[in-house]
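Please read the structure below before turning to the comments.
Values in this text are rule-based calculations from the coordinates and carry no lab data. Note that the coordinates shown come from a computational prediction; the quantities given were computed from them, not determined experimentally. So basically every Cβ, Gly included, is an ideal-geometry build from the backbone, and we count neighbours across all protein chains shown.
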Amino acid sequence: MQPELIIAITSGLITLLASFFVAIYQSRSEFRKMAQQLEEKYTTSLFDKRLEAYPLLFRIVSQLSNAIEQGNQSKQRLADFQGPFDDWLASSAILLTPSTAEIL
């Protein structure tokens, strides 16, 4: 074989391999960037949903706390608080953070 042909084939293979590795690196980089954007979007959406749901939970827990502090709680009054609290949990418990769930 002629040396020029061997050089051309070798340089072509090197170029092909280099292009392949650059394409893999770029695709991985793009994938990481998209995953980060998706995670940021999810976090923002979850935060917005929590801002919508937490005021009702705070009101329920605050009413219970006030009743306990005032010393006028009874079994019936505690049962009255349990109903709205259970309703909130049934509809929005998925929005709780682990620390909020532990406090509740």
Original post:
Dividing the Cα radius of gyration by the Kirkwood radius, what Rg/Rh value follows for the chain?
Top reply: 1.58
**OP:** Note down the net charge around Ala93, summing +1 for each Lys or Arg and -1 for each Asp or Glu among other residues with Cβ under 15 Å from its Cβ.
**Re:** -2
Subject >> Angle in degrees between helix 3-70 and the longest Cα principal axis of the chain, rounded to the nearest 10 >> reply: 0
**OP:** Just rank Val22, Val61, fewest to most, by other beta-carbon atoms within 10 angstrom.
**Re:** Val22, Val61
Original post:
Rounded to the nearest 0.05, what FRET efficiency is calculated for Ser19 and Glu39 with R0 set to 35 Å and r the Cβ-Cβ distance?
Top reply: 0.70
**OP:** For Lys75, go through the lysines and keep the ones whose alpha-carbon is under 22 Å away, minus same-chain ones fewer than eight residues off.
**Re:** none
Subject >> In degrees, nearest ten, helix 75-92 long axis to first principal axis of the chain (Cα) >> reply: 20
